[in-house]
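A.B. asks: Submitted below is the structure of interest, expressed as structure tokens.
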Amino acid sequence: MCTPGTNVGETDNEVQGTGMDEHKHVNYDFIYLAGLLDGEGCITYKQYWDCKRKNRPRKYLCWRIQMEIVMTHKPTIQWCCDTFGGNLVLKPRKEYKMQYRWRRCFRDAFKIAKDIVPFAKTKREKLQQIINHYEPK
């Protein structure tokens, strides 16, 4: 039975019905972020050629490793910033609602990926690529 102040399916000692008995002290922020990234997020893990040096025209391989959530609900993006670091960036659009962006790149994305990969569904493969990039087996 669910009483006020408890989550559905939760008792005082364990999380029931979720198959997460081994995660008795689960941080629900990680679960929520995994769901946000699965539904509203974008995870980028790619290598590309770029010329970033001003006095050297030669191109070289660069990595782009990032996770990003863009949405029109400011409190949700502010929660991501407050909980996992980063800044809230405004993305104005002429005739549409203002969009807000939260982004974590490289090592910051790696640290978060390690914590949320057990809870991700659609973005699990990309999160695992980020983890394998920094912790090769």
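The values are calculated or read from the model by the stated rules, or taken from the named source; none is laboratory data. Since the structure is predicted, the reported quantities are computational estimates derived from the model, not experimental observations. When we count neighbours, we look across all protein chains shown, and the Cβ atoms used for this are built from the backbone with ideal geometry, even at glycine.
A.B. asks: Within the range 89-115, track down each residue that is farther than 29 Å from Gln128 by Cα and in contact (Cβ under 8 Å) with a residue 24 or more places away in the chain.
C.D. replies: Those that are farther than 29 Å from Gln128 by Cα and in contact (Cβ under 8 Å) with a residue 24 or more places away in the chain: Lys97, Met98.
A.B. asks: Another question about this same structure. What are the residues in the range 114-135 that are within 15 Å of Tyr28 (Cα to Cα) and hydrophobic (A, V, I, L, M, F, W, C), if any? Steps first, please.
C.D. replies: Step one: list which residues in the range 114-135 are within 15 Å of Tyr28 (Cα to Cα), which gives 114-120.
Once the filter is applied, which keeps residues that are within 15 Å of Tyr28 (Cα to Cα) and hydrophobic (A, V, I, L, M, F, W, C), the range 114-135 yields Ile116, Val117, Phe119, Ala120.
A.B. asks: Could you tell me whether any residue of the range 71-78 is within 25 Å of Ile131 (Cα to Cα), surrounded by 14 or more Cβ atoms within 10 Å (Cβ to Cβ) and modelled with pLDDT of 90 or more? Talk me through it step by step, then tell me what you get.
C.D. replies: Going through the range 71-78, the residues within 25 Å of Ile131 (Cα to Cα) turn out to be 77.
If we keep only those that are surrounded by 14 or more Cβ atoms within 10 Å (Cβ to Cβ) as well, we get 77.
Restricting the remaining residues to those that are modelled with pLDDT of 90 or more gives 77.
Checking the range 71-78: at least one residue is within 25 Å of Ile131 (Cα to Cα), surrounded by 14 or more Cβ atoms within 10 Å (Cβ to Cβ) and modelled with pLDDT of 90 or more.
A.B. asks: Of all residues in the range 97-107, count the ones that are in a strand (DSSP E or B) and either buried (at least 16 other Cβ atoms within 10 Å of the Cβ) or aliphatic (A, V, I, L, M) (or both). Quick ask: steps written out before the conclusion?
C.D. replies: Just the residues of the range 97-107 that are in a strand (DSSP E or B), to begin with: 99-105.
Now narrow it down to the ones that are either buried (at least 16 other Cβ atoms within 10 Å of the Cβ) or aliphatic (A, V, I, L, M) (or both): 99-104.
Residues in the range 97-107 being in a strand (DSSP E or B) and either buried (at least 16 other Cβ atoms within 10 Å of the Cβ) or aliphatic (A, V, I, L, M) (or both): 6 in total.
A.B. asks: If Trp63 meets every condition in (1) within 14 Å of the chain's Cα centre (by Cα); (2) touching a residue at least 40 places away in the same chain (Cβ under 8 Å) apart from one, which number is that one?
C.D. replies: Going through the list (1) within 14 Å of the chain's Cα centre (by Cα); (2) touching a residue at least 40 places away in the same chain (Cβ under 8 Å), Trp63 breaks only (1).
A.B. asks: Looking only at strands (runs of 3 or more DSSP E) that fall completely inside the range 35-96, which ones have 1 or more residues that are aromatic (Phe, Trp, Tyr)?
C.D. replies: Numbers: elements: 41-50, 60-71, 89-91.
Strands (runs of 3 or more DSSP E) meeting the threshold: 41-50, 60-71.
A.B. asks: Can you name the condition, by its number, that Lys54 falls short on among (1) in contact (Cβ under 8 Å) with a residue 12 or more places away in the chain; (2) over 18 Å from Asp115 (Cβ atoms); (3) not hydrophobic (A, V, I, L, M, F, W, C)?
C.D. replies: Here Lys54 clears every test but (1).
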